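The values are calculated or read from the model by the stated rules, or taken from the named source; none is laboratory data. None of the values given here were measured: they were computed from a predicted structure. Neighbour counts run over all protein chains shown; Cβ positions are idealised from the backbone, glycine included. Calculation scope for accessible area: heavy atoms of the full protein, side chains included, ligands and nucleic acids excluded. Shrake-Rupley method; radii C 1.70, N 1.55, O 1.52, S 1.80 Å.
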Amino acid sequence: MGPAYTTAYRYFVDDPDTPSIEKTVFDRHFVGMASTFPARESGYVTDSAAGATALATGVKSYNGAISVDSDKRPLTSVLTFAKAKNKKIGVVVTSQVNHATPATYLTHNEDRNNYNQIADSYVDDGWKTDVLLGGGLKYFHREDRNLIEEFKKDNGHFINHYQQLSDLPDNKPVLGLFANIGLPWAIDDKQANRLKTMTKAAISALSNTEGGFFLLIEASQIDWGGHKNDIATAMAEMHDLAKTLEYLEVFVAENPDTLVVLTADHSTGGLSLGANGKYEWEPKVLRQMTMSPQAIAQKITEQKLNQQTLNTMLNFELTDEEYALLYEIEAADLVNAITINIRQIIDGRTNTGWSTSAHNAVDVQVFALGNSKNIFSGSQDNTDIAKKLFKLLK
Ligand SMILES: [Zn+2]
């Protein structure tokens, strides 16, 4: 979530019928910037593992590293350090819970792609989290091992439906896995604002304690929208994050000893607002969308929809050429090919530009609210964020 994303979000939620452009929750809590480069051997563009390792441990490592240094020695994360300081700890993500970011805060591995090993380590190294919520069922319930049964045998409380979040115990560890891999896109998920919903539930289970708590929250799929060059789903993910931050704003007002720090591990996609040689970025069609391009493409392959039905689904009128782009194509993976075409039609309508399907090296913003927020002001490195958190925890 580099600066282009929070800027896009401001215009995405702007009310065009008022003379002013309203400030967002991100505008209200901006305090500084952070550089994101990984360890020397990986150049200037970080991946999520090195980025999260820097944010979690205060040490730069190579791309792919899960809380190990360049020599593959394990590093301590702020989250496990908080645990050692008798705080309750939690992790809430919209990716699988053994994905790069949550993994760096909880375990160590020389390669982020060792998904099964990472999931195993959560159980084998002793269960650490009081609350762990996100996706990843397929890594926990495998042919060779059922980590869910092992967790339950060890007095763990397992859930797999969002409705069960309303009733979490605060005296035993909770594992909530709501999808096989990542959660559905926010725009398609039947649970509105799923990140906010999970965050609220986690905080109510964690905050009932004398010693305090440390919760890691990741709006994981803003990055995934960026990788797919999909502005519609990226904006919906941003909206879920904004609603989460607005909830935390209220929590901090009621609990002023709480600190919230928000940043990104990197930006993705080289998003630009204004493309095609025009001084114009027009998010109107994005505001009207109620399904991801991927979900629309899925429907198109299931049944023949006339132009009218498709216009209703997209909430804008397709030209005849655009309609042909969705129906008169042949490809091995038809859903994927149609999804890409829908995204490109939307990019054309909005003048959204992308320069890569990967990450880029721009600095990212830092937002902070509550107790000690000022120490995150100004220009800093991503490792400084962890160093400042360690200092506060000491
Ligand atoms: Zn990424």
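For the reader, a short list of remarks on this structure follows.
- Gyration tensor (alpha-carbon) shape descriptor, region 62-140, a/c threshold 1.5: oblate
- Angle between the chain longest axis and helix 293-302 axis [Cα atoms, degrees, rounded to 10]: 60 degrees
- Label-to-label distance for Ala192 and Arg40 is 5.3 nm, based on points extended 7 Å past Cα in the beta-carbon direction.
- Per residue, in Å², the accessible surface of region 284-353 once ligands and nucleic acids are set aside, probe 1.4 Å: 51 Å²
- Whole-percent carbon and sulfur share, accessible surface of the chain, 1.4 Å: 48 percent
- Candidate lysines - alpha carbon under 17 Å from Lys23, same-chain residues fewer than 8 apart omitted: Lys243
- Crossing angle, helix 48-57 versus the chain [Cα axis fit, 0-90 degrees, rounded to tens]: 30 degrees
- Order by protection proxy (mean Cβ within 10 Å, highest first), peptides 345-351, 59-65, 149-155: 59-65, 345-351, 149-155
- Shape call, region 217-364: gyration tensor on alpha carbons, a/c limit 1.5: prolate
- Computed extension length for Leu393-Asn336: 15.9 nm, one decimal, from 0.36 nm per residue of separation with the Cα-Cα distance subtracted.
- Across q = 0.18, 0.21 Å⁻¹, region 284-353 modelled as identical point scatterers on its alpha-carbon atoms has Debye log10 I(q)/I(0) values of -0.62, -0.86, in the order of the q list.
- Lys, Arg +1 and Asp, Glu -1 on Cβ, resulting dipole of the chain about Cα centre, debye, nearest 20: 1160 debye
- Entry note, region 284-353: relative contact order of 43 percent, from Cα contacts under 8 Å with a spacing of 6+ residues.
- Computed over protein heavy atoms with a 1.4 angstrom probe, the accessible surface ordering of Lys172, Lys23, largest first, is Lys23, Lys172.
- Solvent-accessible area of Phe158, all protein chains in place: 40 Å² (probe radius 1.4 Å, heavy atoms, ligands and nucleic acids excluded).
- Region 304-323 and region 59-92: distance between their alpha carbon centers, rounded to Å: 49 Å
- Ordered from largest to smallest accessible area (heavy atoms of protein chains, 1.4 Å probe), the residues Glu317, Glu22 come out as Glu317, Glu22.
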